[in-house]
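What follows is a single structure, written as structure tokens, with notes after it.
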Amino acid sequence: MNARAMLRTMPHASMRTTRMRVQPRWASSSAPKPPASEDEAQKATQAAASQEANTAASQAHETEAGNTATPLPRKGIQLDIDASSLVDAQALEAPEGEEGETGKRTNAKARSDRNGGPSDRTRNILMRGTLIGATLMGGYAVWMLGRDLDEREHEVFHDKEGVNSFFGRLWLRIQALREGVNKPVWDVLLPDPLPYPYSRPYTLVVDLDQLLVASSWSTSHGWRTAKRPGLDYFLGYLSQWYEIVLFTTQPFYIVEKVIEKLDPDRRYIAYQLFRESCRTHNGKLVKDISHLNRDLRKVIVLDINPEHVSMQPENAIVLEPWKGDKNDRDLLGLIPFLDAIGIYGVSDVRTTLKAYEGKHIPTEYAINEAQVKKRHEEEWLAKKERLGGLSGLFGGIMSGQASNKEPPKTFLEQERVRFQQGYLEDQKFWRENGEALRKQMQEEQERQLQEMKLNAWEGVTRIFTGAPPPPPSHEPPQGAAPATPASA
């Protein structure tokens, strides 16, 4: 048995106080000292042979007993090994996860792993530093929110409750921050109205998805988007009274291509608003048209979701979502109602919308308009009968008026004919001149883009070269008489 095997099989009680004094193997390779006499040489030879025999017998016995038998005593060997040194020796001899001589796995770990390595200490330090920093930042934020009001804040919070206490100011500022997050990105979503004759008396805010268009996906074609029946006429005809604003809850990058197909020449849709222009109200995304910079008495909103118009429902017309039905006529059915508002010049659209609240407007308005036309015809017939009785007394004028076989058009119908004629003339103009106008607009866009590039390059070069020198002055030098033009 060698010294390593004996280390594993020794009882722990005998490993506490003495040291191991074993001659290393490399020492036997050195040249032995010559014996003093023949007797001493013979004794040394016998001792070496006895030691080798004992070693061979011990190894054979250890192999048969499966490394579990008690080791044979060896002369001249004294063991005293600390228990921790034995553990380290086992760890070096059979590392974790590998099989040793006994065929078993060991769970021995290095001291650095048991006591926590440098990575654990670094992680703990970072965690504590993060917690301390977050606590300090939180305390600083609370102090800033509860500090005294400045001049600008005095104008906003001077009449609020709790403005004179620390926690009152803290709560007021938190409410202001929350309101700021829920509001649209800009306080004013649209610029001021255009001057006459480019302005329109009313504003029509329309949604996009499932109101003007419908999208579908299939494995053979992918995404496909269809326009609602009559959409081009709806936009073109109503743009004579309405400033049309496209307001969708979707981001710009999703609907950009669709909008380009709807109105490629920018003829009808005056402005476009997207998700960042919405706000959060009661945890839901809404369109707050009070930020449009328009008179709400002249604003109508078309949408398919009542939640989107929950802040101003009195200005809204909520339609059923369009799923792509080719026979749909709801959008076209709204045209007579909307153009009547423009023709009659309604002072407050909210009053008119209130009369149709909860009703299907295309159907109800068609019924009302038919009744008005019927009364008009009845009045005309009654007037014709009266004029027919008086035709003999007043001559040809009365007889000519009474001879009309069909009743005249109503005021609304006459105005519609006029505006429809204007729409047709506009379509004809664009058919004849559209290509030239598009080319002109493209050249203008390219020119503006080139100017932007030149201005950007000029700004970059000025960083390194500085401002250009001032232009030369044409003033005469100081003390010289000004030049006079030569006399004829």
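A 1.4 Å probe run over the protein chains yields, for the range 202-359, 46 Å² of accessible area per residue, whole-number rounding.
The modelled label-to-label distance for the pair residue 427/residue 352, using points 7 Å beyond Cα in the direction of Cβ, is 2.3 nm. Protection proxy ranking for 322-335, 120-133, using the average of other Cβ atoms within 10 Å per residue and placing the highest first: 322-335, 120-133.
Taking each of 287/326; 287/359; 160/287; 354/405; 298/359; 359/383 in turn, the alpha-carbon distance tops 31 angstrom for 354/405; 359/383. The slack in the chain from residue 126 to residue 375, taken as 0.36 nm per residue of separation less the alpha-carbon distance, amounts to 81.1 nm. For the range 202-359, the Cβ-based charge dipole about the Cα centre amounts to some 100 debye (Lys, Arg positive; Asp, Glu negative; other atoms uncharged).
Scanning residues 5 or more positions from residue 163 or on other chains, none has an amide H under 5 Å from its amide H, with H placed 1.01 Å from N in the peptide plane.
Annotation: amide H-H contacts under 5 Å for residue 250 (H modelled 1.01 Å from N, sequence separation of 5 or more, or interchain): 275. At 1.4 Å probe size, with the rest of the protein present, what percent of the exposed accessible area of the range 216-351 is carbon and sulfur atoms? For the range 216-351, the apolar C and S fraction of the accessible surface comes to 50 percent.
The values are calculated or read from the model by the stated rules, or taken from the named source; none is laboratory data. This is a predicted model, so every value here is computed, not measured. Note that each Cβ is placed from the backbone with ideal geometry, even for glycine, and that neighbours are counted across all protein chains shown. Protein only, heavy atoms only, side chains kept; ligands, DNA and RNA dropped before computing areas. Shrake-Rupley method; radii C 1.70, N 1.55, O 1.52, S 1.80 Å.
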